[in-house]
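Here is the structure we will look at, set down as structure tokens.
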Ligand code: PCP
């Protein structure tokens, strides 16, 4: 398989060759100096007004035990364009070769988390499951699903990611089971007879026939044990999916089966989810989360030997990112430890904090706290 191992990454092998060449030139010409390098994004994708910051834990693992100091916003925080999200202080050669991996962690995982967060806001209180591991290289499936979970997915489909996140994996049944059973009702019965009691009986009902009638057949077979049905209806047959779901809900209610939940999946994104939010109980989303547009962070030197300096188009100097606890507005100022007064009258705190000092990592929050921080922050922003 064509994968970079954790050792390859930690040894700086996954680096753009110009960093190796630069470090060599700096050494030979004795140009290496202590710098401050800042990560920020100039332009968010599409019409995004914010992003969710994910990938910090892996970046810190890369930078620990080196003569470096790292300030960053907490993992799961909201950030906006031109805001410093991470700053590394130390000898440039100490971290130069890791820039490729640092940005790789942050760009892809923040992209996934941001898309998950956007869908989280869109689906309101309905269930949102990450079903997209199958769309990406399996070596990064756990990183992708962790980012989706932090961004707001209620569950993930891959067993390994669920273990890492300390949650139960989420899933229903695939078309293959229905095809091999030869019939949706039979597949439902076989699944029910073979699964542990704690596995929800959610049956895929779009393989054969009409979704409404297949639902009734499966309900006839499983009765109160039927937890839900999933429509993954192919686009060639999708038609008015909302109307189909409303018909199913009517027929279930008529039979006192209001408890049977209805899930939708298959090619879902912001546009196709919106009209379904009021009629479904949950969504399984694959491609649009796992292959989400990256957030194209860049890393730029902003200080050399304590003196502010930056390339054209970049403000120099170490910075503070002040955020109002009440109205969530931000202001970027030259680094200062003095709290600021917000125009709304509340106080603003610098949300950039030290995560590594002299090579030592501070105690990091667990995944539940990171996700809670993201979900709490989402209340302050809109799409
Ligand atoms: C897909 C599979 C994924 C769903 C759809 C989300 O159906 O169930 O979990 O994928 P997407 O958002 O990337 O489209 P199929 O590919 O038909 O696979 P299966 O028969 O295994 O459900």
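Here are a few things to note about the model shown:
- Which listed residue, of 27, 66, 36, is surrounded by 15 or more Cβ atoms within 10 Å (Cβ to Cβ), more than 24 Å from the chain's Cα centre (by Cα) and not in a loop (DSSP other than H, G, I, E, B): 36
- Identity of the residue in the range 219-233, touching a helix residue (DSSP H, G or I) at 6+ places or on another chain (Cβ under 9 Å) and within 16 Å of the ligand (Cβ to nearest atom), that ends up farthest from residue 172 (Cα to Cα): 233
- Pairs with Cβ under 7 Å, 6+ apart, first in the range 170-182 and closer than 18 Å to residue 217 by Cβ, second assigned to a helix (DSSP H, G or I) and more than 8 Å from the ligand (Cβ to nearest atom): 173/187; 173/191; 177/187; 177/191; 178/184; 178/187; 181/187; 181/190
- Criterion (assigned by TED's automatic domain parsing to the domain that holds residue 22 and at pLDDT 95 or above) met by exactly one of 193, 145, 186, 99: 99
- Listed by position, the strands (runs of 3 or more DSSP E) enclosed by the range 250-308 that each have at least 3 residues that are within 12 Å of the ligand (Cβ to nearest atom) and closer than 21 Å to residue 204 by Cα are 261-265, 282-285.
- Single residue of 88, 173 found to be within 16 Å of the ligand (Cβ to nearest atom) and either over 30 Å from residue 278 (Cβ atoms) or not in a helix (DSSP H, G or I) (or both): 173
- Test: residue in the range 194-203 that is part of a loop (DSSP other than H, G, I, E, B) and crowded, with 17+ Cβ neighbours inside 10 Å: yes
The values are calculated or read from the model by the stated rules, or taken from the named source; none is laboratory data. Given the structure is predicted, the values throughout are model-derived calculations rather than measurements. Using ideal geometry, Cβ is built from the backbone for each residue, glycine included, and neighbour counts are taken over all protein chains shown.
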